[in-house]
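> The structure under discussion is supplied below as structure tokens; questions concerning it will follow.
Values in this text are rule-based calculations from the coordinates and carry no lab data. These numbers were taken from a predicted model, which means no experiment stands behind them. Neighbour counts run over all protein chains shown; Cβ positions are idealised from the backbone, glycine included.
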Amino acid sequence: METAMPLEVEGLVKHFGETVALDDVSLTVRAGECVGLLGPNGAGKSTLIRSIVGRVIPNSGRVAVFGQAAGSTQARMALGWVPQELAIYPRISCKENLGSFGRYYGLSGQTLAEAIAWCLHWAALEDRQGELARNLSGGMKRRLNMAAGVLHRPRIVLFDEPTVGVDPQSRNRIFEMIEALKGAGTAVIYTTHYMEEAERLCDRIAIVDHGRIVAEGTKDELIASTFGARSQVLARFAGSADAIAAWAARNGGRVTNETVDLTVEQATEIGRLLEDARQAGLELVDVSLRRPNLESVFLNLTGRELRD
């Protein structure tokens, strides 16, 4: 018997008045797979996530969690959602927090005790289980927040920027937690404003802009489909900003953070470009050649950096 896909989103459309938040969005997530949602602020990521968890009712389209309609009892029990905002009780302990959330999920007795023990171990909070949540470090609060969202052992989990405001050590621990879920077969959707997180954790990446998925695939697939075999030239010039922008546009490039971003088929093309810049009155400050990366793809497709 074939097992239903953890997540199927088909043709999702959502309007808020005149604003089109989602415009024919389709997406699937398989068991044990981590799919990253990347997009500038206002691109539609939050509306998509809230549609998946049943908080937003789309105008048209379909969301199914293991074959069940989003928002249904079966879908809610199969799905975990860890929002960006901390949703823990500061005046009670870690263990008491998990006990409270477990009862919300209908857990009790030995089943609840085992779930709490598993979550404390998973989040590396066993030695802090009696500590009041308000006394925890930022990273520990974030891990407790994650534990509260997976206490009922969901088979698909949505993480909305879970590393916001945490130190590098805590961030690495969070990565290990998510990798452990993946290794156990849990499907994961992950949103982030840190490109390196997407590159480390995500098997596939969907880039969202203006309510649409404008590209989807592995990191290598996205780079190949966007740039082919071309390489990036990054150059900085001294001179008029308008003159630099005009020269970049004339050569099929753009200016981002005072750096001209161009692509070339062959490295030998750099010499011609720099001579053309000199004739345009621009003074070269620095130039480098590199293979495009995920950040390059995102900027090329959306015209914005991920943190914009």
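> Counting just the Cα atoms, what span does the range 187-265 cover along each of its three principal axes? Round to the nearest Å and put the largest first.
Extents along the principal axes, in whole Å: 50, 26, 24.
> Can I ask one more? Using amide H atoms built 1.01 Å from N in the peptide plane, name the residues 5+ places from Leu282, or on other chains, whose amide H lies under 5 Å from its own.
none
> Mean separation of Cα pairs under 8 Å and 6+ residues apart, divided by the residue count of the chain: what relative contact order is that in percent?
Result for the chain is 20 percent.
> While we're on this one: Do you know the relative contact order of the range 1-157, to the nearest whole percent, from alpha carbon pairs under 8 angstrom that are 6+ apart? Before the final figure, lay out the partial values.
Numbers: 249 pairs, mean separation 37.0, N = 157.
Averaging sequence separation for qualifying contacts and normalising by length gives 24 percent for the range 1-157.
> I would also like to ask the following. How far is the Cα center of the range 46-106 from the Cα center of the range 239-308, in Å?
The range 46-106 and the range 239-308 have Cα centres spaced 44 Å from each other.
> Add +1 for every Lys or Arg and -1 for every Asp or Glu among the other residues with Cβ under 12 Å from the Cβ of Ser26, and state the total. List each step's numbers first, then the result.
Numbers: positive: Arg62, Arg212; negative: Glu8, Glu10, Asp23, Asp24, Glu216.
Computed value for this residue: -3.
> Highest first, please rank the peptides 90-102, 42-54 by the mean number of other Cβ atoms sitting within 10 Å of their residues.
Values: 90-102: 19.0, 42-54: 21.1.
Ranking, from highest mean packing down: 42-54, 90-102.
> Put a dot 7 Å past each Cα toward the Cβ at His121 and Thr28; how far apart are the dots in nm?
Going from the Thr28 label point to the His121 one covers 3.4 nm.
> Right, another one. Would you mind telling me the antiparallel percentage of the DSSP bridges in the range 7-218, rounded to 5? Show your work: numbers first, answer last.
Numbers: 21 of 38 bridges.
If we restrict to bridges inside the range 7-218, about 55 percent are antiparallel.
> Out of all Cα-Cα pairs in the range 231-291, roughly what percent, to the nearest whole number, are more than 14 Å apart? Display every interim value, and only then the final one.
Numbers: 859 of 1830 pairs.
The calculated P(r) of the range 231-291 puts 47 percent of pairs beyond 14 Å.
> Send over the Kirkwood Rh of the range 56-136, from the inverse of the averaged 1/r over different Cα pairs, rounded to one decimal Å. Don't skip to the end; give the middle numbers.
Working: mean 1/r = 0.0685 Å⁻¹.
When all Cα pairs of the range 56-136 are included, the Kirkwood radius is 14.6 Å.
> Can you work out ³J(HN,Hα) from phi for every residue in the range 201-212, in order, using Karplus 6.51 cos²θ - 1.76 cosθ + 1.60 and θ = phi - 60°, giving whole Hz and x for Gly and Pro?
My calculation for the range 201-212 gives 9, 8, 6, 9, 10, 10, 9, 10, 8, 6, x, 10 Hz in order.
> Hey, another quick one. When the Karplus curve 6.51 cos²θ - 1.76 cosθ + 1.60 is applied with θ = phi - 60°, which whole-Hz ³J(HN,Hα) does each residue of the range 28-37 get, with x for Gly and Pro?
10, 9, 9, 4, x, 10, 10, 10, x, 9
> Measure up Lys141/Lys219; Lys95/Lys141; Lys182/Lys219 against 21 Å on the Cα-Cα distance and list the ones that go over.
In this structure, Lys141/Lys219 lie more than 21 Å apart at Cα.
> Now a separate question. Rg and Dmax of the range 1-151, using alpha carbons, in Å: what are they?
When restricted to Cα atoms, the range 1-151 yields Rg and Dmax of 17.5, 51 Å.
> Tell me the mean residue ellipticity at 222 nm calculated for the chain from its helices only (DSSP H runs of n ≥ 4, each -39500 (n - 2.57), averaged over every residue, nearest 500).
Calculated at 222 nm, the ellipticity per residue is -11000 deg cm²/dmol.
> Using the Karplus curve 6.51 cos²θ - 1.76 cosθ + 1.60 with θ = phi - 60°, work out ³J(HN,Hα) for each residue of the range 59-67 in order, rounded to whole Hz, and write x for Gly and Pro.
Once θ is set to phi - 60°, the couplings for the range 59-67 become 6, 7, x, 9, 10, 10, 10, 6, x Hz.
> Quote the FRET efficiency, to the nearest 0.05, computed for Arg62 versus Glu131 with a Förster distance R0 of 45 Å and r equal to the Cβ-Cβ distance.
Efficiency, from the Cβ-Cβ distance: 0.55.
> Taking H as built 1.01 Å from N, whose amide H comes closer than 5 Å to the amide H of Ile205, not counting residues under 5 places away?
For Ile205, the qualifying residues are Gly36, Gly217, Thr218.
> For a quick protection proxy, order the peptides 254-264, 135-145 by their average other-Cβ count within 10 Å, most packed first.
Taking the mean over residues of other Cβ atoms within 10 Å, the ranking is 135-145, 254-264.
> Which residue fluctuates most in the GNM of the chain (Cα springs below 10 Å): Gly271, Gly80, Gly253?
Of Gly271, Gly80, Gly253, the Gaussian network model singles out Gly271 as fluctuating most.
> What fraction of the Cα pairs in the chain, stated in percent, has a spacing above 28 angstrom? Let's see the in-between values first.
Working: 22924 of 47278 pairs.
More than 28 Å apart: 48 percent of the Cα pairs in the chain.
> What are the residues whose amide H is under 5 Å from the amide H of Ile213, where those residues sit 5 or more places off or on another chain and H is modelled from the backbone?
Placed amide hydrogens put Ser26 under 5 Å from Ile213.
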